[in-house]
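Peer 1: One structure, as structure tokens, below. Some questions next.
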Amino acid sequence: EKILQEFFYLVAKYASKHRNVAYYAGELCITPYYLSTITIKYMKESPKEIIDAYVILELKKLAETTSLPVKMIAEQLNFEDTSYMGRFFRRHTGMSLTEYRKNHIIRCYGFNIERKNKADLSVCPIYYILSVICFSRDSNL
């Protein structure tokens, strides 16, 4: 369905700025109810679940591929504050962004790295390559 493709395109382009279903419905010139009907029919998820899932992917990508402090990640993804972003991330993943980042380092390198300086965090090559492949379309948005 063309509307669904456009919705995914808009989410990929604007999820860091707009997280409400009404915004996307407005951009598609349809009602939020109709957008919900389409996404549930074809994706078995509500538009809000899809938007939130994309934001979580963006949060994970930033946690895995950068050494940005949590505060800067919150600002980059337009969260009101780090506390709200932390609750949002924990609600969807069951852990804090800091815990996720630490677990990623352990998974990536096979051991626990104690960082003395936040700038010492290197990018895991595999996750970096995957993020480049998965998010290369961002430049076309």
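Bear in mind that the values in this text are calculations on the coordinates, not laboratory data. Treat the numbers as computed from the prediction; the structure is a model and nothing was measured.
Peer 1: Quick one: Karplus J couplings for the stretch 30-36, per residue in order, coefficients 6.51, -1.76, 1.60, θ = phi - 60°, nearest Hz, x for Gly and Pro?
Peer 2: Running phi through 6.51 cos²θ - 1.76 cosθ + 1.60 with θ = phi - 60° gives 9, 7, x, 4, 5, 4, 4 Hz.
Peer 1: Quick one: 3J(HN,Hα) in Hz for the stretch 90-96, Karplus 6.51/-1.76/1.60 with θ = phi - 60°, rounded, Gly and Pro as x.
Peer 2: Listing the rounded values in order: 5, 4, 8, 10, x, 8, 6 Hz.
Peer 1: Taking 0.36 nm per intervening residue step and subtracting the Cα-Cα distance, what contour gain separates Ser46 from Glu80 on full extension?
Peer 2: Working: separation 34, 0.36 × 34 = 12.24 nm, distance 2.33 nm.
Length gained, Ser46 through Glu80: 9.9 nm.
Peer 1: Too long at a 27 Å Cα-Cα cut-off: which of Lys13/Lys41; Lys41/Lys102; Lys44/Lys102; Lys41/Lys61; Lys17/Lys60? Please report the intermediate quantities before stating the final value.
Peer 2: Values: Lys13/Lys41 23 Å; Lys41/Lys102 37 Å; Lys44/Lys102 32 Å; Lys41/Lys61 29 Å; Lys17/Lys60 17 Å.
Correct reply: Lys41/Lys102; Lys44/Lys102; Lys41/Lys61.
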